[in-house]
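Here, each number is a calculation from the coordinates, and none is a lab measurement. Just so it is clear, the structure is predicted and the values come from calculations on it, not from any experiment. Here the Cβ positions follow ideal geometry from the backbone for every residue, glycine too, while neighbour counts run over all protein chains shown.
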Amino acid sequence: MAIDRRKIAVFGAAFVLRLLLICIFPSLPDLLTGRVEVSTPVSSFKRLQEGLFLYTRNVSPYDGGVFHQAPLLLPLFALLPDAKSSPLPTAIFYFLVDLLNAHALISISASGQSVQSRLHSAVRKHVRWDGVSVAALFLFNPFTIATCLARSTNVFTTSGILFAVSNAVGGNSINAMLALGFASYLSLYPALLFIPLVLLCYDRRLQGPAPPNSTSFIVQHGGLLLATVAGLLGLSCLITGNFWEFISATYGFHLLVPDLTPNVGLWWYFFIEMFDSFREFFLGVFWLHLASYVGGLTAHFRSQPLFVITSLLGIFAIFKPYPSISDASLFFALLPLYRHLFPLMRYTFFAGAAILYSSLLGPAFYHLWIYAGSGNANFFYAITLVWSLGLSVLLADVIFAAIRDEWEQENPERVGLKVRQV
Amino acid sequence: MTTKTGDQESPLASQVDPQTSVSRVPPPETPAAVQTRFRVIAAFWAVIIFLGFPIWWKTTSIYRASLPLEEMVHWADGKTCRPVFPLEIHLSTPSLPYIEAQHLLRTTQHTLDDLNEFAAHHLRLKLANDTTGDHTGQDSSEHVNYAARETPDTALTVRLLPQEGLASPRSELHAATTQLDVFYPPSQIPVSSSSNSPLSTFIAAELQQLYGEEKATIAHILSGDTARLASTSPQLAEDISRRLRRSMKYAETYHLSFSLFTPGAEPSSWDIEAAVNEYVSPLLQALSPISNFTVDTQVQLYANFAPTAPKPEYDESEAVWTLKKEGLSAFVNAAEWPLNPSIGTGPTINFILYVPDPSQSPLVVKENSASSWIVPQWGGVFLLNPPLSNDEQGSRSNPAHLSLGSLGPAFMTFSHQLLTLLGTPSTPASLPLRLQTSIRIRAATLLLSASSTMGSLARLTESLPSIPIPATVATSVSTTLSHLTATCSHLREGRFGAALASARVAETEAERSFFEKSMVGQVYFPDEHKVAVYLPLLGPIGVPLVVGLLRELKRIAAKRKAKAS
């Protein structure tokens, strides 16, 4: 039971740390809620409060044009006591969601899919961290803590994705599709993870006793995902009453990006500057750019679907329309599963430095622009570029390391040789 | 930044270290790796071809609704419609038997036709149905249901009244109605045999004179050339072009702004609401078929002249302060007086009531002692010199409040100025007749202006093939054309009120279609600039994709060749 004790210690410490933070700094959650790096228009807790206020007074929550999140969150939060007068229950609810996410991470790590799957077996499979360390890295990641304290609803999307993956690696493909359906219902973009996830389920199933037919397996699971989303949409329709209003206020808002509030992503500045007549075209380009990686990565890493999911999550953290640090924290949560690739990575220092640099200077430059008035939008935009650069370098490096790992597996006699770009 | 996985292979595949060891060449790519690379490139290109190109096509194609270009150009060239103005004049002959009245009508009409030299504008006489002829003067207040009526508008009613003891006929125009009374000696009733009589000549000449200015104005508008009409005196032509210069450009809505300016603290209030109700509202009511009006008022104290404006001079002989005529243009201190140039859409007509400082009172214009003048296409100014009161110290001051009575002359002047600024002709003396004239002139102006806008839009559409034409523009154009047709037929049938109503719709729609925002935006965006829009983002994304595709194609071609040989 040593491992269990470690797990309890890590979970307890993470819980106490969060509790201490909100007890010592009671204004911290509200401060973080207002930060553009943490709260985006589609995940902000403040906007959720607004929607909740309207909902509890029997007004359509989308009437104010402020709330753009999924309607099923409303009855859930209506059960919790008011966050303004008694913030603790809501905060503890978020803490528990974080711990659940960490639990899912542990089960992903325990399955060992990251180092050894049906078609692939890493060269350095002994170099790895155990599940509790991975969970600890997730729980004590400042980005995760900030997201949790800011009560961003991205946390639920994260849960959906992590549970989908943990169920998939556990062989429970139906639950995986249900969880992915929930995540897609909340944030739309997780639907892009369907192909690698279904491949992951398929590989797991092939290892089992009764290997299914691949086409019917994929079609069945696609149908299941669609049915899940349709069911959730039906429930939402019951709650809001007006189907098209809620579709255009939530998914329309995701797809058409009408709110150009600054965030850590690359879309807002681009679309502020874009000529109106080309706006639709470039919306299409940006979304296709985001989606185009799915096919390429899946084709290349057919043997490692979990790695495809990890790298796609990294790509989403950079290129999705309203990214926040919580997307980066999800990417960083899955990265430690690939401890065995770290020795092959070449630019970790540069990437780490860029990420640290931008996460320290970002708030400062935002302050200079918005509050001090001594900077302009370019200050903050430059920092978000550095942030994206850091993430991209890290991502490219991991992908490079994974390719190198596959190559070494094919050519065992050349393990450890230096490579040089010509 | 493009983490394109296909490219990541190249450093590995070409891994070579020639300096340390020549023996270490990279192992050949396995067929599986080649296959994978092909799949990756195919995946990216599939997205581009099956999703990218449709999106590109859908979002950047320019929608051009089809416009009836030829018809629009014909309207602009005046080929479709030749506006005519047949004025129906009722002849009411309560004391004449029917046959004689008929005869008088015929001869008068004959004389009129002989006199007329401008075919587009002609007068048609008609015997009034009710011989009592007492429905006069109703038309000006009945404009609301113009469109509903099928019969032509009655322009004028001529009442023939016998009067003893007259040597020759004389006429009398009612100032407030559309009625012309003609008194004639009973001896002058035309006999059936004669083709001409002094009475019919007199009536014809009278009518001709009554509509002389209108005819000249319409001729001026339609042809842009007053010299064409021989009967138009140079004096009249000059008057007309001066009036057209001074009057405001036509607008659907005018904003009237009445401002009280005074250099001191008093007067600080005025009975403006009562004055507007008393003097302006009835006029606006009468003008409502022509345009809509809004009224704003303001009081501005301590309003000083501009420093560069000439100061009033004291005239000893008249004991008044005077402003030089040439200095009037600098009277309005445009920089400091808050005269909003535009309240909403549509132009603002400013009326300024200026109460001079007690030390400079009374203030008049030097040359003619006038106290008001018109600023062309801008508004009017009235200098009000209220009676001064003496207080205990013996200094004089303006009254604190301007009563309705003291505002009367000023607002009479303002209403007159308003009519002038709106381009209402100065003759004849009857206001309803002038308003009717105004309606006809406006209908003609709007017809021409909407037609020429259509022509401009057609030319614009033809000369700029890259601008989008939204469906709303096509709708507006068809509305304009149908209303122009309606205007034309209403004019032909003499229903001028309905013609103006249609013409107003046509003009509004024409302007809307011509100034459609989404159309204008593209004018400044030539095709060459699209490179600058596409390249910065799509270039960097596209180069690796295209290079990857070419490499792959080369490889496939080489493989085919190897297979064939």
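Looking at chain B only, what percent of DSSP beta bridges run antiparallel? Nearest 5 please. Bridges in chain B that DSSP calls antiparallel: roughly 20 percent.
Adding -39500 (n - 2.57) for every DSSP H run of four residues or longer, then dividing by how many residues chain B holds, sets the calculated 222 nm ellipticity at -14000 deg cm²/dmol. Here is how the number arises for chain A: DSSP H runs of 4 or more residues each give -39500 (n - 2.57), the sum is divided by the residue count, and the result at 222 nm is -22500 deg cm²/dmol.
Per the Debye formula on identical point scatterers at the alpha carbon atoms of the protein assembly as shown, with no solvent, log10 I(q)/I(0) at q = 0.05, 0.06, 0.09 Å⁻¹ is -0.56, -0.71, -1.02. Inter-chain neighbour count for A:388-401: the average number of beta-carbon atoms from partner chains within 10 Å of each residue's beta-carbon is 2.
Shown in residue order for region A:286-300 are the 3J(HN,Hα) couplings computed by the Karplus curve 6.51 cos²θ - 1.76 cosθ + 1.60 at θ = phi - 60°: 5, 5, 5, 4, 4, 7, 5, 5, 4, x, x, 5, 5, 5, 6 Hz (x for Gly and Pro). Cross-link pairs exceeding 31 Å in C-alpha to C-alpha distance, out of B:Lys530/B:Lys559; B:Lys215/B:Lys366; A:Lys320/B:Lys559; A:Lys7/A:Lys320; B:Lys79/B:Lys215, comprise B:Lys530/B:Lys559; B:Lys215/B:Lys366; A:Lys320/B:Lys559; A:Lys7/A:Lys320.
Which of rounded, prolate or oblate describes region A:169-252 when judged by the alpha-carbon gyration tensor and an a/c cut-off of 1.5?
prolate
Taking a Cβ cut-off of under 14 Å around A:Leu206, the surrounding Lys, Arg, Asp and Glu residues balance to a net charge of +3, with basic ones at +1 and acidic ones at -1. Residue by residue along A:289-296, Cβ atoms of other protein chains within 10 Å of the local Cβ number 6 on average.
Sorted ascending by nearby beta carbons within 10 Å, beginning with the fewest, B:Glu509, B:Glu117 become B:Glu117, B:Glu509. Within the listed set A:Val169, A:Val59, A:Val132, the residue fluctuating most in the Gaussian network model of chain A (springs between alpha-carbon atoms under 10 angstrom) is A:Val59. Given the options B:Pro409, B:Val543, B:Leu419, identify the residue whose Cα lies farthest towards the positive end of the charge dipole of region B:408-565 (+1 on Cβ of Lys, Arg; -1 on Cβ of Asp, Glu). Result: B:Val543, furthest along the dipole toward the positive end.
Distant-in-sequence amide contacts of A:Trp129, defined by a placed amide H-H separation under 5 Å and a gap of 5 or more residues or a different chain, comprise A:Arg339. Using a Gaussian network for chain A with springs between C-alpha atoms less than 10 Å apart, which of these wobbles most: A:Gly373, A:Gly284, A:Gly64? Fluctuation is largest for A:Gly373. Loop-located GluC sites (Glu not before Pro) in region B:313-394 (DSSP state not H, G, I, E or B) with no more than 16 neighbouring Cβ atoms inside 10 Å: B:Glu316, B:Glu318, B:Glu336, B:Glu367, B:Glu392. Averaging 1/r over every pair of different alpha carbons in chain B and inverting the result gives a Kirkwood radius of 30.3 Å.
Put simply, the amide H of B:Glu88, placed in the peptide plane, has neighbours under 5 Å in B:Arg124, B:Ala155, leaving out anything fewer than 5 places away on its chain. Across chain A, C-alpha contacts under 8 Å between residues 6 or more apart give a mean separation that, scaled by the residue count, equals a relative contact order of 19 percent.
Summarising the amide proton neighbourhood of B:Gly380: residues at separation of 5 or more, or on other chains, whose placed amide H is nearer than 5 Å comprise B:Asn350, B:Phe351, B:Ile352, B:Val375.
Need one number: % antiparallel among DSSP beta bridges in the protein assembly as shown, to the nearest 5. The antiparallel proportion sits near 25 percent.
Under a model in which nothing but the beta-carbon of Lys, Arg (+1) and Asp, Glu (-1) is charged, the protein assembly as shown shows a dipole of about 6260 debye around its Cα centre. Of all aspartates and glutamates in the structure, the ones whose alpha carbon falls short of 16 Å from that of B:Lys311, not counting any fewer than 8 places away in one chain, are B:Glu326, B:Asp357, B:Glu367. Across all directions, the shadow cast by the convex hull of region A:270-422 built on its C-alpha atoms averages 11.3 square nanometres. Residue-wise HN-Hα couplings along region A:136-142, as the Karplus relation 6.51 cos²θ - 1.76 cosθ + 1.60 with θ = phi - 60° gives them from phi, are 5, 4, 6, 6, 9, 5, x Hz; Gly and Pro carry x. Among A:Asn411, A:Leu368, A:Tyr347, whose Cα lies farthest out toward the positive end of the dipole of region A:332-411, if unit charges sit on the beta carbon of Lys, Arg (+1) and Asp, Glu (-1)? The residue sitting most towards the positive pole is A:Leu368. Straight-line cross-link reach from B:Lys563 at under 29 Å between alpha-carbon atoms covers these lysines, not counting any fewer than eight positions away in the same chain: B:Lys554. For the protein assembly as shown, A:Cys23, A:Cys148, A:Cys201, A:Cys237 stand unpaired, since no other cysteine beta carbon lies under 4.7 Å from theirs.
The distance linking region A:360-422 with region B:468-497 is 63 Å (Cα centroid to Cα centroid, whole angstrom). The per residue volume of the convex hull around the alpha-carbon atoms of region A:111-208 is 107 Å³. Relative contact order, whole percent, for chain B stands at 18, derived from Cα pairs under 8 Å and 6 or more residues apart. Across A:Ala299, A:Ala328, A:Ala146, mean-square fluctuation computed from a Gaussian network of chain A (C-alpha pairs under 10 Å connected) peaks at A:Ala299.
Report the Cα centroid-to-centroid distance between region B:60-92 and region A:170-215 in angstrom, as an integer. The two parts, judged by their Cα centres, are 67 Å apart. Whole Å is fine, so just give me how far the alpha carbon centre of region A:49-126 lies from that of region B:350-365. Here the two parts' Cα centres lie 75 Å apart. Rounded to the nearest whole Hz, the Karplus-based 3J(HN,Hα) values (6.51 cos²θ - 1.76 cosθ + 1.60, θ = phi - 60°) of region A:257-265 follow the sequence 6, x, 9, 9, 4, x, 8, 7, x, with x at glycine and proline. At the listed q of 0.07, 0.09, 0.10 Å⁻¹, the Debye profile of region A:2-414, built from one uniform point per Cα, gives log10 I(q)/I(0) equal to -0.32, -0.55, -0.69.
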